[in-house]
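The values are calculated or read from the model by the stated rules, or taken from the named source; none is laboratory data. Since the model is a prediction, treat every value here as computed from it, not as a measurement. Virtual Cβ from ideal backbone geometry, glycine too; neighbours counted across all protein chains shown. In case anyone asks, the SASA skips ligands and DNA or RNA and just uses the protein heavy atoms, side chains included. Shrake-Rupley method; radii C 1.70, N 1.55, O 1.52, S 1.80 Å.
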Amino acid sequence: MVSFSKVRKYFGDNEVLKSITFDVAPREVLCIIGPSGSGKSTLLRCINQLERIDGGRIDVDGAMVGYTEHSGRLHEMHPRQISRQRTDIGMVFQNFNLFPHMTALQNVCVSPVKVRRERKAEVRERAEQLLRRVGLGDRMNHYPRQLSGGQQQRVAIARALAMKPQLMLFDEPTSALDPELVGEVLDVMKDLAAEGMTMVVVTHEIGFAREVADTVAFMDGGVVVESGPPAQVIGDPQHQRTRDFLSKVL
Amino acid sequence: MSTDVSSGAETKAPPPLHLGEAPTVGLKHPSRWIAVLVVFVLAAMAVHSAITNPNFRWDLVGDYFWAAPIMDGLRVTLTLTVICMAIGLVLGTALALMRLSPNPVLRSAAFGYVWLLRGVPLLVQLIVWYNLSALYPRLSLGIPFGPEFVSFESNHVITAYTAAILGLGLNQAAYMAEIIRAGLQSVDEGQLEAASALGMGRLRTMMTVVLPQAMRVILPPTGNETITMLKQTSLVSVVAVADLLYSTQLIYAKNFQTIPLLIMACIWYLIIISLLSVGQYYLERHFKRGSSRQQHKSLWQHLRRTAALRRDTSALGTEGSTPR
Ligand SMILES: Nc1ncnc2c1ncn2[C@@H]1O[C@H](COP(=O)(O)OP(=O)(O)OP(=O)(O)O)[C@@H](O)[C@H]1O
Ligand SMILES: [Mg+2]
């Protein structure tokens, strides 16, 4: 579903991703853990082209991201094509980024209606269903500022799901939340994983990673230090750096 | 507590009073009443003198209020304001987008435009447009440095009226560009990322996500600009366009009733500005939606709620309620 091959990314002279290679199978849940500044967000943002990569290639659903191949050359895509690639990838941000001038329902509806040009009535019905599914059936007409952090993040998840994505990206979806609100968001994500959504999740919730992830990848200094099933990476880490990190967060 | 032996021990203490249940005595504010009195007396004096002083000639104010030349002038003032604000908005938005563009040539071009048109006095700009024919006797449409398709005498195209529109509109665009740029920049970058991640293109993001939020920042100064523009249109009298003020001047130049006629013009300006302010209030409220935790109420709902609260508290026996 997602494949990274020797991906490099620089910010100026700072090499933030150093030749990263890995694969995410369909229906797989990959959790990325690692210390601050290790490049987790950057890696995630490269998948839906919020950042451009400087080397290697990323494929999503069998198609190279951001470029088309033609007679031995890579051609940059038109912004319109990039937008189309993004519509199949849902993204959930650390600080929600809901549109504050729209109600929860409008937030969920806006993109299918305006980008996909779907019928309003159909979208609305689907959006109401999604909001009920994330437990917000009674909050549909509230504006984001009238919702708690946990509720906002659940609206954001519903908003991403409304585009019927093949793949969901989560960038520390719970780290801006009060501790008692973390659970409600993680529950929604667990359900999603159980339904077979392919997910890449950057998280500090080691418990969630252990329970839900098929694969856990530990990143440090722009490289994937080790990856494998949670029992191995979290339960029996092979590298000293992983052990040091886990001893701090567990 | 325990030192006081004489009282409290045998007499049962009354239950503690609760706000909203027991009668409440409001704090008196004598100084506020004095201030209110002073203001009222001063206002009454002003109104009294304006009414009783025959030199104000209120009869003339009434006579000319609906006079034909005044109506024509009013129409010119209003159309100029609308057209020039429209030019300012459209061109200003384009300039603001250029200022924020990644292309350095566009950025500098917009910067240069704003620098020049904000820097040169408006009066000079109006005169230059009016006298454009002195600089360019003929204007033509065609391929740059190539053949011409049509050409005109500048004097035919640039009438006093078009000169006024060009001068005011192009100048306004420079100011609007800065206001709109500030508005666009006030929108959080996360909003752009969220829109991109949802597959919105640049234009779609601008229209559905950025502009509606930027409006909260753009509208108040734009209201100011509109009011300024309304009065600024009186500058066009230098190129002999008969706006409201100039039409008024033409009349008192003949009958020498300067003050009554100026009062009449001012009343018209105040009426229009009051209407504009009402429009601005509702526009601002529309774009404020979702911006606070409270549901917004209209002014009318607000007044009714306050009145209802007053009734509730006075029913409970509030004494000495004071103006707040
Ligand atoms: N826009 C940017 N410009 C320059 N440097 C950046 C930019 N974004 C990130 N970086 C740098 O890239 C490195 C990786 O950042 P990234 O945000 O991917 O880390 P992270 O693992 O997500 O950290 P955190 O857990 O704190 O979110 C950091 O050193 C950061 O300073
Ligand atoms: Mg991060």
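Assorted remarks:
- Scanning the stretch B:179-215 for residues that are of a type in the set (Asp, Glu), in a helix (DSSP H, G or I) and within 22 Å of residue A:162 (Cβ to Cβ) gives a single hit, B:193.
- Positions within the stretch A:88-134 being acidic (Asp, Glu) and more than 9 Å from every other protein chain (Cβ to nearest Cβ), in sequence order: A:118, A:122, A:125, A:128
- Taken over the stretch A:135-149, residues that are open to solvent by 60 Å² or more (accessible area, probe 1.4 Å) and not in a loop (DSSP other than H, G, I, E, B) amount to 1.
- Residue count for the stretch A:22-49 under the criterion of being more than 10 Å from ligand 1 (Cβ to nearest atom) and touching a residue at least 24 places away in the same chain (Cβ under 8 Å): the result is 12.
- Of all residues in the stretch A:155-192, those that are more than 16 Å from ligand 2 (Cβ to nearest atom), touching a helix residue (DSSP H, G or I) at 6+ places or on another chain (Cβ under 7 Å) and open to solvent by 30 Å² or more (accessible area, probe 1.4 Å) total 4.
- Within the stretch A:69-118, the set of residues being open to solvent by 40 Å² or more (accessible area, probe 1.4 Å) and touching a residue at least 60 places away in the same chain (Cβ under 8 Å) comprises A:88, A:94, A:95.
- Filter result for residue B:101 (surrounded by 13 or more Cβ atoms within 10 Å (Cβ to Cβ) and more than 32 Å from the chain's Cα centre (by Cα)): no
- Each residue in the stretch B:186-201 was checked for being without any contact (Cβ under 8 Å) to a residue 24 or more places away in the chain and more than 7 Å from chain A (Cβ to nearest Cβ), and 4 pass.
- Taken over the stretch B:202-228, the criterion of being open to solvent by 30 Å² or more (accessible area, probe 1.4 Å) and more than 23 Å from residue B:279 (Cβ to Cβ) is satisfied by B:202, B:203, B:204, B:206.
- The listed residue being open to solvent by less than 50 Å² (accessible area, probe 1.4 Å) and modelled with pLDDT under 90, out of B:132, B:117, B:141, B:122: B:132
- For the stretch B:238-290, the tally of residues that are in a loop (DSSP other than H, G, I, E, B) and either without any contact (Cβ under 8 Å) to a residue 12 or more places away in the chain or of a type outside the set (Lys, Arg) (or both) stands at 8.
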